[in-house]
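The values are calculated or read from the model by the stated rules, or taken from the named source; none is laboratory data. Because the structure is a prediction, the values reported are computed rather than measured. Cβ placement follows ideal geometry from the backbone for every residue including glycine, while neighbour counts extend to all protein chains displayed.
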Amino acid sequence: MKKRTITAVDLFCGAGGASEGLLRACKKRGLKLELTGINHWSLAIEAHSKNHTLDPPYLPDVRSERWRRHAYRHEMSESDHRELAERLHAIRGMAIVSGYPSGLYDEIFAGWVVVQHRTMTDVGRAIECLWLSPTVLDGIHQKRLL
């Protein structure tokens with residue numbers, strides 16, 4: 001019986017993590033993989049440099065008791081979160097920041113759209129948020145996705 005073939009292109013293959021994961025998944029399912037890697041394609045490099053998705057360490061006051069202290073190897077103070085926001089406000093590209101509802105984030109990302117999603121965590125129901133920079137909405141409107 002002939003193996004089914006999956007054809008894929010990895011546009012950001014610099015470290016190879018996505019390619020390796022796809023290769024392992026295909027092997028596990030008995031599929032053949034035809035993979036092309038591109039890491040010097042100018043359009044891919046430009047897109048990567050203009051889009052920033054961040055999942056910073058959550059603020060201690062929005063974490064469950066279990067994770068309130070020392071949840072991350074590298075924690076961020078309130079001033080670190082403020083500095084992150086200042087830097088994101090200054091970029092020319094698009095930014096998306098994930099986290100839980102927070103008065104601090106409402107303040108430092110004022111003017112950004114907040115998308116909320118209900119989910120389950122280790123302590124029960126929670127709301128997760130994405131803060132979208134104004135340039136994200138500009139890009140969506142330009143592509144007529146909304």
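So that you can scan it fast, the table gives a plain yes or no per residue for (1) at pLDDT 80 or above; (2) of a type in the set (G, A, S):
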| residue | (1), (2) |
| --- | --- |
| A8 | yes, yes |
| A18 | no, yes |
| R24 | yes, no |
| E34 | yes, no |
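Being at pLDDT 65 or above and either polar (S, T, N, Q) or within 30 Å of P101 (Cα to Cα) (or both) is true for just one of H74, H70. Which residue is that? Give the steps one after another, and end with the answer.
Values: H70 fails: at pLDDT 65 or above.
Answer to the check: H74.
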message: Suppose we keep only residues that are modelled with pLDDT of 90 or more and out of contact with any strand residue (DSSP E or B) (no Cβ under 9 Å at 6 or more places or on another chain) within the range 109-145. Which one would you say is surrounded by the fewest Cβ atoms within 10 Å (Cβ to Cβ)?
response: G111
